[in-house]
Amino acid sequence: MPVRIGAGGQASFDEPLELLKDCHRRIESFLEVLLRVVQGGGHLNEERRRALEAALVYFREAAPRHTQDEEESLFPRLRQKGVAGAALEKVQALEADHVRATELDEAVNACGVRWLKDGMLPAEAVEALRGQLEELRELYRQHIQVEDSEIFPLAGEALSAGEIASIGREMK
């Protein structure tokens, strides 16, 4: 179960919308790593331990920055451009998703840290963790689909090149 941190897309801060999409691929990848670790049961071998550590670090450090980039740079600019109706409702729903994802990420992290410390996790805790991860996977599946197919294309059309460049500088 090798994990390559930082593997993935080739976008740069000059292409912040593509960079956000690349981050989505990493979220999906690390979430699948966590689900594979859980499938292995409560005792951690060295390979599963490394995979669990890498995925927890990603969700603890990089995922919150991704959320911040959207909520502090992208979404406010869309609001300033006057997105209304269904698009505005979707942005609001995405922000609510961020709240729930953060709650789940924190719960998963707490359980994962305990698992790493103890080297094993009781069966009932493994099942609870699996449930949290499955909820997180479904939340991200829907969330990412809306952002990748609707919100990011909308931003690409509605925002000027200068505004998009500003997002990239803020993300950097």
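The values are calculated or read from the model by the stated rules, or taken from the named source; none is laboratory data. Predicted, not measured: the structure shown is a model, and the values here were computed from it. Heads up, the Cβs are rebuilt from the backbone with ideal geometry, glycines too, and the neighbour counts pull from every protein chain shown. For accessibility, only protein heavy atoms count, side chains too; no ligands or nucleic acids. Shrake-Rupley method; radii C 1.70, N 1.55, O 1.52, S 1.80 Å.
Points worth noting:
- Values [x] 16.0, 50; [y] 15.4, 44; [z] 17.3, 53 are given for comparison; Rg and Dmax of the Cα atoms in Å, derived from the coordinates here, is the one labelled [z].
- Quotient of the Cα radius of gyration of the stretch 12-99 and 2.2 N^0.38 Å, N being its number of residues: 1.37.
- Label-to-label distance, nm, for residues given as GLN39 and GLU18 (7 Å Cα→Cβ offset): 3.2
- Distance between the modelled labels on ARG114 and ARG65, one decimal in nanometres: 2.9 nm (7 Å Cα→Cβ projection).
- Residues SER160 and GLU103, FRET efficiency given R0 of 41 Å [Cβ-Cβ distance, rounded to 0.05]: 0.70
- The residues of the stretch 57-97 have, on average, 51 Å² of accessible surface per residue, using a 1.4 Å probe with all protein chains present.
- When +1 charges are put on Lys and Arg Cβ atoms and -1 charges on Asp and Glu Cβ atoms, the dipole computed for the stretch 104-172 relative to its Cα centre reaches about 320 debye.
- Here the chain is assigned +1 on the Cβ of each Lys and Arg and -1 on the Cβ of each Asp and Glu. Its dipole about the Cα centre then comes out at about 420 debye.
- Charged neighbours of ASP14, selected by a Cβ distance under 10 Å, balance to 0 (K, R count +1; D, E count -1).
- When each of LYS90/LYS172; LYS90/LYS117; LYS81/LYS172 is checked by Cα-Cα distance, pairs over 28 Å: LYS90/LYS117
- Take the convex hull of the alpha carbons in the stretch 72-172; its mean projected area over all directions comes to 7.8 nm².
- Packing-based ranking, highest mean first, of 116-125, 18-27 given that Cβ atoms within 10 Å are counted: 18-27, 116-125
- Gyration tensor over alpha-carbon atoms, the stretch 122-172, equivalent ellipsoid semi-axes in Å: 37, 14, 4
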